[in-house]
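The values are calculated or read from the model by the stated rules, or taken from the named source; none is laboratory data. For clarity, every value in this text was computed on a predicted model and none was experimentally measured. Neighbour counts run over all protein chains shown; Cβ positions are idealised from the backbone, glycine included.
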Amino acid sequence: MKKNWIYSKWCFALACALLMGVATSCGDDDGEGSGTGTGQQPTLPDLGITDPVVAVAGEYDGERFNYENDVLVGGTGFYDADYTFYIGNAPLVLKVFQEDYEETWSNIRTNEHGAITYASLLGVSLGEDFTGTFTAKYNEDNQMTESALELSEDDVTEHAKWTFVWENGNMVSYRNTYSIDYTDEEDFSYSDNGWFDYGDSPVSNNGVYHPDMFPYDYHFMLYAGLFGKPTKDMPVSVVFSSTDGYGDDAYAYTEEKDEKGRIVTLYCDGEAYYYYGYADRPIELTGAGWHAPGRAVRGIRARLASRQAR
């Protein structure tokens with residue numbers, strides 16, 4: 001799960017499918033590695049959420065969240081295998097457990113809103129130890145404007161950096177750069193960009209983190225508020241451009257909402273892409289992944305996974 005977890009989500013969802021080519025829309029509050037907060041994760045009221053998402057379901061991945069006292073404390077998920085995750089406080093720590101794999105985020109510093117500005121990573125994958133660091137910056141609305149991740153294992157070091165541009169509470173573009181440094185092999189580098197459009201009549205967002213905007217395999221880190229707030233609205237389209245040689249890709253998004261105005265299904269080019277469960281409207285675990293009952297998920301990941309194989 002880890003070996004390309006920096007790269008996998010973006011290659012899978014962006015490269016195949018969140019910038020300092022332009023300036024961010026708001027000033028950054030926190031310098032790299034700084035932290036002015038208490039080191040505790042934010043509560044649901046801190047995030048302005050009254051009816052939280054309790055599960056996220058895609059064709060290739062999904063997670064179910066457990067909440068206690070208005071904070072996300074853990075849960076279970078599926079990616080390439082089942083895993084469990086845990087969030088502890090005093091001090092704040094994140095742990096992921098999977099067969100032949102463990103990952104821990106510790107030494108965490110946060111901003112005043114509880115979003116992570118620095119963390120050290122330590123883990124074991126298939127018997128091999130890896131270490132890393134994560135840093136992030138946020139704008140005055142506690143939305144991520146920049147993040148960087150470095151992972152090292154034996155003679156391989158992976159670097160990833162993302163920058164995000166926000167306007168009126170919405171992410172309008174991102175830039176991602178990724179590289180691998182090898183001791184005795186040729187190095188590898190990659191970059192991609194995305195531009196999101198919200199249309200003339202934006203669809204309000206009740207607290208969903210769009211799966212094609214944020215660069216992390218694990219949904220729970222987002223829904224715990226550890227990487228800042230989501231977009232105010234949902235995008236209606238996106239254009240991706242990358243250095244993979246395939247040119248630009250464009251996709252259209254639509255949403256299905258329930259009677260309470262909550263997003264329950266995200267569609268990509270007319271096909272179901274992700275499902276969202278709530279306490280009174282659950283989604284179930286069936287077969288190899290998370291699905292709403294009786295429905296299959298399609299979308300960018302399915303199409304672009306096949307493109308990677310070309």
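For the range 134-158, the set of residues classified as in contact with an Asp or Glu (Cβ under 8 Å, 6 or more places away or on another chain), within 21 Å of MET213 (Cα to Cα), part of a strand (DSSP E or B) and of a type outside the set (A, V, I, L, M, F, W, C) consists of THR135, LYS137, TYR138, THR145, GLU146, GLU150, GLU158, listed by residue number. Of the residues PHE134, PHE97, PHE85, the single one that is aromatic (Phe, Trp, Tyr), under 30 Å from TYR278 (Cβ atoms) and touching a Gly at 6+ places or on another chain (Cβ under 7 Å) is PHE85.
Taking the range 105-133 only, how many residues are in a loop (DSSP other than H, G, I, E, B) and either closer than 21 Å to PRO42 by Cα or of a type in the set (Val, Ile, Thr) (or both)? Working first, answer last.
Filtering the range 105-133 for residues in a loop (DSSP other than H, G, I, E, B) gives 111-115, 126-127.
Filter once more, keeping what is either closer than 21 Å to PRO42 by Cα or of a type in the set (Val, Ile, Thr) (or both): 111-115.
Of the residues in that region, 5 qualify.
Residue count for the range 160-195 under the criterion of being out of contact with any Lys or Arg (no Cβ under 9 Å at 6 or more places or on another chain) and within 19 Å of ASP141 (Cα to Cα): the result is 6. Residues that are buried (at least 17 other Cβ atoms within 10 Å of the Cβ) and under 14 Å from GLN40 (Cβ atoms) within the range 63-87 comprise VAL71, LEU72, VAL73, ILE87, listed in sequence order. If you check GLY74, GLY37, GLY48 for being over 24 Å from GLU150 (Cβ atoms) and at pLDDT below 95, only one passes: GLY48. All conditions in (1) of a type in the set (D, E, K, R); (2) assigned to a strand (DSSP E or B); (3) more than 16 Å from the chain's Cα centre (by Cα) hold for GLU185, with the sole exception of (2).
All of SER237, SER242 fail the test of being among the hydroxyl-bearing types (Ser, Thr, Tyr) and at pLDDT 95 or above, apart from SER237. Screening LEU126 against (1) touching a Leu at 6+ places or on another chain (Cβ under 8 Å); (2) farther than 24 Å from TYR209 by Cβ leaves a single unmet condition, (1). Once the range 129-140 is narrowed to residues that are modelled with pLDDT of 95 or more and surrounded by fewer than 18 Cβ atoms within 10 Å (Cβ to Cβ), the residue that is farthest from TRP166 (Cα to Cα) is THR133.
Give the range 241-283 a look and list any residue that's of a type in the set (Phe, Trp, Tyr) and farther than 30 Å from TYR67 by Cβ, or say none. Even if it seems obvious, please write down each step before you answer.
Our first condition is that a residue be of a type in the set (Phe, Trp, Tyr); within the range 241-283, this holds for 246, 251, 253, 267, 273-276, 278.
Correct list: TYR246, TYR251.
The conditions are (1) in contact with a Ser or Thr (Cβ under 6 Å, 6 or more places away or on another chain); (2) over 20 Å from TYR251 (Cβ atoms); (3) at pLDDT 90 or above, and GLY169 fails exactly one of them. Which is it? The one condition GLY169 does not meet is (1). In the range 96-128, the residue that is surrounded by the most Cβ atoms within 10 Å (Cβ to Cβ) out of those that are out of contact with any Asp or Glu (no Cβ under 7 Å at 6 or more places or on another chain) and among the charged types (D, E, K, R) is GLU103.
Can you tell me how many residues in the range 188-237 are of a type in the set (Phe, Trp, Tyr), part of a loop (DSSP other than H, G, I, E, B) and in contact with a His (Cβ under 9 Å, 6 or more places away or on another chain)?
Our first condition is that a residue be of a type in the set (Phe, Trp, Tyr); within the range 188-237, this holds for 188, 190, 195-196, 198, 209, 214, 216, 218, 220, 223, 227.
Next cut, part of a loop (DSSP other than H, G, I, E, B) only: 198, 209, 214, 216, 218, 227.
Adding the requirement that they be in contact with a His (Cβ under 9 Å, 6 or more places away or on another chain) leaves 209.
Count: 1.
In the set (1) over 18 Å from the mean Cα position of the chain (by Cα); (2) on the phi > 0 side of the Ramachandran plot, ASN89 fails one condition alone, (2).
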